[in-house]
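Working notes, beginning with the structure itself.
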Amino acid sequence: QDISNFHVLKSVFPDIYSNDIIGENLLSNLVKTKNGRDSFHCRHVEELQQKSAFPWCVDENLLKANDLISPQDYLPIQKPNVAQTKPRPKWKDELSATDQLEGMREIQKLKDRQNFLRNPRFLSPTAEQGGVSLIIFVAKPSVVTFTDYKVGHIYETTLELRNVTSSSRHVRVLSPNSPHFAIGLRFPSEEGTIAPGMSCKYSLRFIPDSLEDYKDFLVVETQAEQVLLVPIEAQRPPPILTPRVLDCGYCLVGGLKYVEFLCRNVGQSSGTFCIIPKSQWPFSNLRSLSRTYFSEQPPFAVGPSLFQLEPGDTTVIETYTFVCDNCQVKDFSIEEGQLVALELISEEKEPPEAGEVHDVTAEHYVQFDVCNPHSVQHKRLVIRNNHLDLPFQWQIRQPNLYPLPPGEVPEPSQIHFHPATDDAFRISPVAGLLPPYQDQEFLLTFCPKELKDYHSVCRLVLRDAPDVETVIAMEIEVKGSTEPYQILLEPYAIIIPGEIFVCTTTHRQFKMWNHSKTFILFQWEKLKSSYHTMVVEPPTGRIISVKPCSGMLPPLGSCSVDVIFTPQFCQQFKAELELEVENGRGHVWIQADVQSPQVCLLNCKLAFTEIYLGVPKSASVTLFNQTALPAKFSWLELTEVAALCEVEGMNLPLILGIAASKPKKLSVSYSLPSDVILKNPVTRQLLITNQTAITAPFAIEVEYFFVSQLLADGRGAAFRVVPDSGLLGPFETQTVAVTAVTDMWGEYSDNLICKVGDLEAVIIPLQMAVRGCPLYFQMTGPRTDNQFQGPIIFGTCIPGGDTVSHPLRINNPTTFAIRMDWETYNTEKDDSKLLDVVLAFGEPFPPKDADGSEEDRGDAEGEEGCALTSHAKKKLVSVHIRPHVGKLSDYPFCINPQQIVIPAKSGATIHVSFTPLTPSESVSESRCSGLALGFMSLDFEMAACVPGKVRRAQGLELQPVRVDLQAAVKPALLVQMEEEGEALEFKASAGDLLKEFDVTQTFQLRNTSEVALQFRMETQPPFSVLKAKQKQIVPLCAHLLLSTLSLSTDRLSFGVCYVGQTKSREITLSCRGSHTYWKSTFKVTPNFGLLRPKEPHGTCSVKQHLQISFTP
């Protein structure tokens, strides 16, 4: 057998051919041994060199019959050169292929009997059997894997090496090369020997510093010739982000579109994803790259650019390229927005004929069949929109006919738009909206009126495109032609032979055939002369198509015939069909009343009044169908002046005129329906009226004197606005309460800034004149009225007595120091003076130092916008006129000190003194009346004036604090005699002079004052004053009991009350201590009384129930 190609057979059939017998180098050895001694050997080697396959040495049919691969399936067949080689001679007694295959099977059986495992004790560890080294150790697992890991953690697993031989073996494991893996021995020790069937275990540690994939291997050295390699793989299941393709849809060029995508991590591991353009990857620091929310890759902006997802979590993003912290990069794509793409998919589009003149810009061509005038043809066009909603409108223009060579682009000067002058072509609907991913069907109608060729272009225009008003999306060239009617008369002439009697009617029949493209309407004229009259019956009619128009009827058979009547206009149609059969004739009478839908507008003009920006306005219009036919209508176009309504069956659309008034913008009005008393809150109502139907938010704030911790800012006034914001409805009036709170006099000015919707802020001036005195006397307390009125402090004094002085403490609760200059005046009873003219040189009340000298403060000018009194430039002379108050004098009344500064949030004390007068002997009692005026001034400039905001009057310009002074001077001792008379009378007789005698009269001296008096009495002889009686001491004892009043509640609520309804609530008034009178200024029953406790000095109390009523 030829064995030259056995190395090929060995590669195909390794189980049959052994490498120990035949090697691949056999052919080269044969070539080397060719020396020309054997001619057959030389020819055989040359044949092997020419032919690389051996299809001739195998039975190909046998291989194919057993579904085996033949050499012809994988080797090119090259026929040997017949001229140089001869066919291989057959060997003597050569076996057939079948016998050869059977012999191979027998040989294999013999080999299988000898294929058994020999005792390894008798073999060297490096001995080879069949070309394979002896396996000593088996690793379990064969591949060490780590799947779930995190950065910085340590993971450990066990590797087991089992001795699969029958003798003890030594083993050694080398450490991995990677620093991320480390190995340690568990059992046995490194120098130990592994018994047969036993195993040793190694602990393998994995320390990752990132989430990337790691690969390494362990080298296991044994007694075998080849080492055992155990692969180590660390592969974390990557997070998988879906979807891979983000389809943003389509957007017109220059437009803007926002699309959200729900991305999900469908992997088995969490991951942090970063969105960056592909051109910026790789990058050293992932987080420093994603500093912005959006990652931009024009024309896309994707966000968020950095996010983290756990397995199964979702987020909404738009993205271009994803980078994950698993150290894996996956590219994701975004479908870009494209230009408008419309496709004409109608089956009725036709290719143009060669050599025919066409429009230079039209992309499609539609040709109508030749028809007769006034006939109607339809073609349906289907346009597919592949993108987004596109508003469209059809325009029909004349074609641009310019002969151009193939492939040449027309110049812009050759392209014109001239509307078509004829009305032969129509397309419906004319306008509308092309929905995305849908097919829109249009009906193209050809209705010629004249006998000629028609040629137009239907232009599909897209409206509301970005940057441009219109876009031409498609142009369809349409053509149609007409031909005359084809009428055949049979016979074409009627001849009546012979003679005809007068007044005898003769009938002849003829046929009229319609060979035209459509039906015809005919009318025969009546010929009348003086000799005869010719009439055709019926004189008018219409040729109707009948299907089938002819046929064969079997005996007793029937046939259904369709009569097709297609009216083109409204009419009353009458016709007769004639049926011709052999040996017979029949007639069918046809009558039709043709109508078309007639729709009208009951109101052809729609007026919109009172319209506002941003507020939808609706109105209704009525379409009236004047026929019994259903009418299909559609609104084509809505412009600023008209709306078109197309009704199927009507030639012209309905026109609805639209008239609208000028849109009104948001408009609001304000009204603030003002002297203010100091310390009394005053509320004014601001009315904001929305004069339109536009709902808008409003906000109100005070520019300067805003509420800040209840006047704690030291500005002296504050405005509180409630509510300060809200929503103003259509035609709504919002009431806003503006409350002014003050603790300082002055003329205040501020601005109320009102902002409503998008309108400009409206500034409403606030002006407030606050009058009153912020100071109060300690003995009277704060007052809400009569704030300038002080107490009356003097009573009755002894003539010529010592000066009486009383201290008065004045409190200043404001945040400004107030200087007061006091002047005292005496009033006279019969004073008829009405006015006082006060003339002041320089400053009326200049500040003085401790010695009473005027301080030199220079000629300081006040700030711009302020008209100050004390801080303005000094006036040389000032004149003030005021009501007459009295005569200026410091006797008998006097105030010390005359100038005093009362600090802020504090108080000061003045002393008011009275020196009693010595009246004449004829006047037993005199009364003194006077008053003291305190003029207030401010030394701090910002307290006196804030430019444009507040001005405070001072000194003579401001109403002063008034203290009325009243005192009476009269003797303290009264003489009370036993008998009434002007003098103390003594009566004696002359005889009494002879002896010593005395006449004694007594009288009493009464002290009417409230203090002890010393007195001495003297007289002239013969009168003498006897010594008074011995002093009597009368003990005086006074007890002053204070009473305490309390109410059962400190707050009384009447709830919701109706006008005119009286509601009553009951409270309890309790008294503890001495008795006390009480009286109420509110509507209380009872409104006065006496509370007398049973034990004046005890702790018990007495109670009185009070009923308080309220009637709004």
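Being closer than 28 Å to TRP394 by Cβ, outside the structural domain of ALA424 (by the TED database) and among the aliphatic types (A, V, I, L, M): is that true of LEU654 here?
On the way: closer than 28 Å to TRP394 by Cβ: yes; outside the structural domain of ALA424 (by the TED database): yes; among the aliphatic types (A, V, I, L, M): yes.
When the stated conditions are applied, LEU654 passes them.
Sort out which residues of the stretch 720-777 are over 30 Å from GLN789 (Cβ atoms), of a type in the set (Asp, Glu) and open to solvent by 10 Å² or more (accessible area, probe 1.4 Å), and write them in order of number.
ASP724, GLU732, ASP758, GLU760
Checking LEU766 against (1) under 14 Å from TYR670 (Cα atoms); (2) assigned to a loop (DSSP other than H, G, I, E, B): exactly one of these is not met. Which one?
(2)
List pairs: first residue in the stretch 825-838 and in a strand (DSSP E or B), second residue among the basic types (Lys, Arg) anywhere in the structure, Cβ distance under 9 angstrom, at least six positions apart or on different chains.
Listed by first residue and then by second, the contacts come to TYR825/LYS887; ASN826/LYS887; LEU835/ARG882; ASP836/ARG882; VAL837/ARG882; VAL838/ARG882.
For the stretch 1055-1083: of the residues being open to solvent by less than 50 Å² (accessible area, probe 1.4 Å) and at pLDDT below 80, which is nearest to GLN1107 (Cα to Cα)?
Only one residue tops the list, namely SER1080.
Checking ARG384 against (1) open to solvent by less than 80 Å² (accessible area, probe 1.4 Å); (2) modelled with pLDDT of 85 or more; (3) under 17 Å from ILE472 (Cα atoms), which single condition isn't satisfied?
Only one criterion is unmet by ARG384, namely (1).
Going by what's in this entry, would PRO429 be described as touching a Gly at 6+ places or on another chain (Cβ under 7 Å) and surrounded by 13 or more Cβ atoms within 10 Å (Cβ to Cβ)?
Numbers: touching a Gly at 6+ places or on another chain (Cβ under 7 Å): no; surrounded by 13 or more Cβ atoms within 10 Å (Cβ to Cβ): yes.
Against the criterion (touching a Gly at 6+ places or on another chain (Cβ under 7 Å) and surrounded by 13 or more Cβ atoms within 10 Å (Cβ to Cβ)), PRO429 does not qualify.
Taking the stretch 960-979, which residues are modelled with pLDDT under 80 and part of a strand (DSSP E or B)?
Within the stretch 960-979, LEU973, LEU974, VAL975, GLN976, MET977 meet the criteria.
Got a number for residues in the stretch 929-945 being modelled with pLDDT under 85 and of a type in the set (A, V, I, L, M, F, W, C)? So that I can check it myself, show each step before the final result.
Initial filter on the stretch 929-945 (modelled with pLDDT under 85): 939-944.
Subset that is of a type in the set (A, V, I, L, M, F, W, C): 940, 942-944.
Count: 4.
All but one of (1) farther than 21 Å from ALA908 by Cβ; (2) in the same structural domain as GLY886 (by the TED database) hold for PRO782; state the number of the condition that does not hold.
It fails just one condition, (1).
The values are calculated or read from the model by the stated rules, or taken from the named source; none is laboratory data. Just so it is clear, the model here is predicted, and its values are computed rather than measured. Every residue, glycine as well, gets a Cβ built from its backbone with ideal geometry; the counts of neighbours run over all protein chains shown. The area values use the complete protein model at the heavy-atom level, side chains included, leaving out ligands, DNA and RNA. Shrake-Rupley method; radii C 1.70, N 1.55, O 1.52, S 1.80 Å.
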